[in-house]
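Worksheet: the structure to be examined is printed underneath.
The values are calculated or read from the model by the stated rules, or taken from the named source; none is laboratory data. Here the structure is a predicted model, which means the values were calculated and not measured. Ideal geometry is used to build each Cβ from the backbone, glycine not excepted, and the neighbour counts take in all protein chains shown. The accessibility values were calculated without ligands, DNA or RNA, using every heavy atom of the protein model including side chains. Shrake-Rupley method; radii C 1.70, N 1.55, O 1.52, S 1.80 Å.
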Amino acid sequence: MTAIVSSTDQRTAAKPTPEGGGKSAASRRRFLTDAARTACGVGLVGLALGLHARQSKALPADAIRPPGALPEQQFLAACTRCGLCVRDCPPPGAPHAVLKLARAEDPVALGTPYFTARTNPCLMCTEIPCVKACPTGALDPALTDINKARMGVAVLVDEDQCIAFQGLRCEICFNVCPVRGKAIKIEPMPNKRTGKHAIFGPVVYPDQCTGCGLCEKACIMEDAPIKVLPERLGRGRIGSHYRRGWEEK
């Protein structure tokens, strides 16, 4: 007797069902899903870091780069955030730490080194260990004389708060300056308050200032009237549009 096989049974019989086939397909799907999730995660992290870097392009006024730092955008491109400059600063026996690495909550590009003059000024180490520790040149190895560093520039931002301009004699910023008598000088000038008697106030010479921040740290006022700013903020320059017009005239 000949068996009668339905078309449905024929299709079912013809369909291969190798052992483990279902598991292989599930594994492939899981692999592709995990890979997609990883790619998305990396992309989001990169996007976040990119946004943070763009937000931090304008270095805050109270964040100063280490000695020898390249111009900000070049510095950010060269710095690998390795932390070696922070590790070697300050040298053993120094009174306080100077450099720190920016954290996520700091308004500085994440992981890059900086210091705050009011609390932790540069100690002006003659060996400049932070520069020697930098493996990428983000801190220029050509800087061998710390007195030629240009980390920032001291600016007398509020004469009214400076007791020297109130007629009292104060020379603290002058005395602690490591390039004493060059970056800061005490000079006689008219007393704007009374119109009588001369006062002796601090005058900053930007071309000689290293931006170490020792003057700001030493100021006796609650809110120091002398502050160290990143050089681009503290040193005025004629705008290129104005310069071109002047040259044409």
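Per-residue 3J(HN,Hα) values for segment 108-125, derived from phi via the Karplus relation 6.51 cos²θ - 1.76 cosθ + 1.60 with θ = phi - 60°, read 10, 3, 3, x, 8, x, 7, 9, 10, 4, 5, 10, 9, x, 5, 8, 6, 4 Hz in sequence order (x marks Gly and Pro). Calculated on C-alpha atoms, the gyration radius of segment 117-167 divided by its Kirkwood radius gives an Rg/Rh of 1.16. What translational D, rounded to a whole number of µm²/s, comes out for segment 162-238 from Stokes-Einstein when the hydrodynamic radius is the Kirkwood one over Cα pairs, at 25 °C and 0.890 mPa s? In µm²/s, the coefficient rounds to 186.
In whole percent, and with a 1.4 Å probe on the protein chains, what portion of the accessible area of segment 101-190 is carbon and sulfur? Whole-percent figure for carbon plus sulfur exposure: 53. Here the label points at Ile172 and Asp160, each 7 Å from Cα along the C-beta direction, are separated by 2.1 nm in the simple model.
Which whole-number value in Å² is the accessible area per residue of segment 67-218, probe 1.4 Å? Before the final figure, lay out each step's value.
Values: 7760 Å² over 152 residues.
The answer is 51 Å² per residue.
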